[in-house]
Amino acid sequence: MPAKLNLHLTVGPRGEDGYHELATVFHAVGLYDELTASVDDELSVTVHGEGADTVPLDGGNLAVRAVELLAAETGNDPGVSLHLDKRIPVAGGCAGGSADAAAALVACATLWDAELSREDLAVLGARLGSDVPFALHGGTALGTGRGEQLTPVLGHGSYAWVLALADGGLSTPAVYGELDRQRAVGPPAVAGDPAGTLAALRTGDPVALGRALSNDLQEPAFALRPALRRVVLTGRELGALGGVVSGSGPTVALLARSPEHATALAAALAAEDLCRSVRVAEGPVPGARVVG
Ligand code: C5P
């Protein structure tokens, strides 16, 4: 299951339920976590790869919660052993936990022969986290509500991304909290509506898309992690068509002109020593899938 970027993210005011109304353009890119699931006596999870030592192995793990939820909904025994091979940065703004939950839903629905459509799984997924429905959906989609109400975005072509991974994660509630704090003391920096991003995607124009990248959570993420501003600015100086913090960060997405340009840009950025590591990935790609 793939990582997600937010190509556009407008955050409205905080609602009474504590969540903010969003208008966001999700985009799934080819940086994948892999989940293996097999029937076992008990529900357990093991984790290898990117940030494995920081991933919870109990009910704090969204994949574990997904198995419990689906088991309760379908009347199956939740005894499943899960193994996660992680490449998506943990708490990185790329919805890695949501991708793992989406994969657990798809895998267990298959294991248990549950007659559930992707729509049914998305409704369950929304109870686990706002980004889980998109992790099932994949591609490029407009997300509204908490981000769980999806409309597919039809577009042309594919895009070459460079992802700058940071040391450590950022807490999503902390970044939303910083946005509320900034808005309480000054004029809000608002990303506006996603029309420019959608128009760029429709025509498949990477230059226009690079210019349109925007995220209301970027300034709050910069406030909590000042080094990120340098990553975005340096990426642009090195020739990226645009750069933006993904979701609540700290991963920064830089748009390249082509896959070859992405490779060169990634090498140049890595040489600047501003981030922990650098990846290249193409998007859009499909959502969580069973592969064998
Ligand atoms: O839905 P999810 O569990 O991913 O959300 C994590 C946290 O992010 C929420 O508890 C809330 O603080 C914040 N959030 C928000 N508005 C949204 C989505 C998330 O304030 N639309």
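Taking one quarter of the surface of the C-alpha convex hull of the range 226-280 gives a mean projected area of 3.4 nm². Dividing the convex hull volume of the alpha carbon atoms of the chain by its residue count gives 121 Å³ per residue. The phi torsions of the range 38-52, fed into the Karplus equation with coefficients 6.51, -1.76 and 1.60 and a -60° offset, translate into couplings of 9, 5, 8, 5, 10, 7, 8, 9, 10, 9, 10, x, 3, x, 4 Hz, rounded to whole numbers, with Gly and Pro shown as x.
Normalised by the number of residues in the range 1-149, the mean separation of alpha-carbon contacts (under 8 Å, six or more apart) gives a relative contact order of 31 percent. What does the C-alpha gyration tensor say about the overall shape of the range 152-290? Classify as rounded when a/c is under 1.5, otherwise prolate if a/b is larger than b/c, or oblate. It is oblate, given that a/c is not under 1.5 and a/b is not larger than b/c. Counting only Cβ charges, +1 for Lys and Arg and -1 for Asp and Glu, the dipole size of the range 103-258 around its Cα centre is about 560 debye.
Within the chain, what's the longest run with no GluC sites (Glu not before Pro) in a DSSP loop and at most 10 other beta-carbon atoms within 10 Å? Give the range, please. It works out to 116-292. Distances between placed amide hydrogens fall under 5 Å for L165 paired with R276, S277, V278, R279, all partners being 5 or more residues away or on another chain.
Only sites in a loop by DSSP and with at most 16 other Cβ atoms within 10 Å count here; which chymotrypsin sites (Phe, Trp or Tyr not before Pro) in the range 30-136 make the cut? Intermediate results must be reported in sequence, preceding the final value.
Numbers: sites: Y32, W112, F134; in loops: W112.
Sites meeting the loop and neighbour criteria: none at all.
Name the residue farthest towards the positive end of the dipole of the range 248-292 from the options A262, V280, S248, assuming +1 on Cβ of Lys and Arg, -1 on Cβ of Asp and Glu, about the Cα centre. Toward the positive end, the furthest listed residue is S248. The trypsin sites (Lys or Arg not before Pro) of the range 219-283 that meet both conditions, a loop assignment by DSSP and at most 16 other Cβ atoms within 10 Å of the site Cβ, are R276.
Could you give the size of the charge dipole of the chain about its Cα centre, using +1 on the Cβ of each K and R and -1 on the Cβ of each D and E, expressed in debye and rounded to the nearest 20? The partial results should precede the final answer.
Working: 20 positive and 34 negative charges, 261 e Å.
In total the dipole reaches around 1260 debye.
Other residues whose C-beta falls under 10 angstrom from the C-beta of A288 contribute a net charge of 0, scoring Lys and Arg +1 and Asp and Glu -1. Here the range 1-135 is treated with +1 on each Lys and Arg Cβ and -1 on each Asp and Glu Cβ, and its dipole about the Cα centre works out to around 580 debye. Taking θ as phi - 60° and the Karplus parameters 6.51, -1.76 and 1.60, the scalar couplings of the range 241-247 work out to 6, x, x, 7, 5, 8, x Hz in sequence order, x denoting glycine and proline. Neighbours of G59, meaning other residues whose beta-carbon lies under 12 angstrom from its beta-carbon, give a summed charge of -1 when Lys and Arg score +1 and Asp and Glu score -1.
Read-outs: derived from the displayed coordinates by stated rules, not from any lab. Fair warning: this is a prediction, and the values are worked out from it, not measured in the lab. Reconstructed Cβ throughout: ideal geometry from the backbone, glycine too, with neighbour counts over all protein chains shown.
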